[in-house]
1. Quick check on my filter: what residues within segment 97-129 are part of a helix (DSSP H, G or I), under 20 Å from GLY42 (Cβ atoms) and among the charged types (D, E, K, R)?
2. Residues in segment 176-223 that are assigned to a strand (DSSP E or B) and either among the β-branched types (Val, Ile, Thr) or within 17 Å of the chain's Cα centre (by Cα) (or both): how many?
3. Would you check if ILE152 is part of a loop (DSSP other than H, G, I, E, B) and either in contact with a Phe, Trp or Tyr (Cβ under 8 Å, 6 or more places away or on another chain) or at negative phi (or both)?
4. Being open to solvent by 10 Å² or more (accessible area, probe 1.4 Å) and more than 18 Å from the chain's Cα centre (by Cα): is that true of VAL139 here?
5. Could you please find all residues in segment 68-93 being under 17 Å from LEU116 (Cβ atoms) and part of a loop (DSSP other than H, G, I, E, B)?
6. Just to verify a result, which residue in segment 73-99, among those that are in contact (Cβ under 8 Å) with a residue 40 or more places away in the chain and open to solvent by 30 Å² or more (accessible area, probe 1.4 Å), is farthest from PHE153 (Cα to Cα)?
7. Over 26 Å from PHE34 (Cα atoms) and open to solvent by 60 Å² or more (accessible area, probe 1.4 Å): does that describe LYS113?
8. For segment 14-30, state whether one or more residues are assigned to a loop (DSSP other than H, G, I, E, B), open to solvent by 20 Å² or more (accessible area, probe 1.4 Å), of a type in the set (Lys, Arg) and closer than 24 Å to LEU137 by Cα.
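The values are calculated or read from the model by the stated rules, or taken from the named source; none is laboratory data. A quick note: this is a predicted structure, and the numbers were derived from the prediction, not measured. Glycine gets a Cβ as well: all are built from the backbone with ideal geometry, and neighbour counts include every protein chain shown. Each accessible area value is taken on the protein alone, full model and side chains, heavy atoms only, with ligands, DNA and RNA left out. Shrake-Rupley method; radii C 1.70, N 1.55, O 1.52, S 1.80 Å.
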Amino acid sequence: MRYFTIPIYCDGSEMKVAVKKYIAEVNSGFQKLFFVDTPEFGKCLIIDGIMQCSEADHDLYDKEILKKIKKSDRNILILGGGDGYVAEMALKLNPNLKIRVVDLDVEVVNGSKKYLGQKAFSNKRVKLFIEDALHHLKVLIKRNRIRLDGIIFDLTDEPIRKKDKDAKASFVKFYGELIDVSHQALRKGGWISLQAGASKVIPKYNNAVAVLEKLLKNKFKKVERTDIMIPSFGEKNAFLFGRK
């Protein structure tokens, strides 16, 4: 039996996951993707050594990041989400939605279609844009064609090592600007949700959840946080929510 290991940020350990089959390895130019089949979690997508989603428990993640969705919502935007699972779940929760999915890496989408059997992007209610999330939001605001009911940050991120000061500064700048333009793109009463990474991290990493929560509070009056265990991640994951 072969294995791969994924980092556990709350204690610095690793989780060893058995692999039945390595389905595909793709170097997209942005990141390295692995599609694998495992006895415990079924088919999984791993990006740069970090678990992104699995057949077994993606619904736990999807329902949590979408917990603010309402039956009256009509237009939402998913930043990231190239595996299609969040869009798929959103339509189950509210079939009347029109969904924009903006992902920088087309290989995540292609691989998820080919190796995970993802069909969300063939649904006429889902529009896929392969481009930068920040650029997409700025264009939406400039054209002023739509005010969104909800924006979901389903973005890949990794806790930042404290010694890498440039990476932390870039992280804060990017997310600060992204949250700012998201606030502008939302209608009054609209909501935002973020996948904020590991709930706890050991001292060698900066606390990304705390950074993101502070950035959210700069723009949104009411900010909430929940933490749930995602078995394929090997630890609790934090989610942040705000309302305009």
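1. LYS113, LYS114
2. The total comes to 9.
3. So ILE152 fails the test.
4. Yes.
5. GLY81, GLY82, ASP83, GLY84 - these are the residues of segment 68-93 that are under 17 Å from LEU116 (Cβ atoms) and part of a loop (DSSP other than H, G, I, E, B).
6. ARG74
7. no
8. Within segment 14-30, not a single residue is assigned to a loop (DSSP other than H, G, I, E, B), open to solvent by 20 Å² or more (accessible area, probe 1.4 Å), of a type in the set (Lys, Arg) and closer than 24 Å to LEU137 by Cα.
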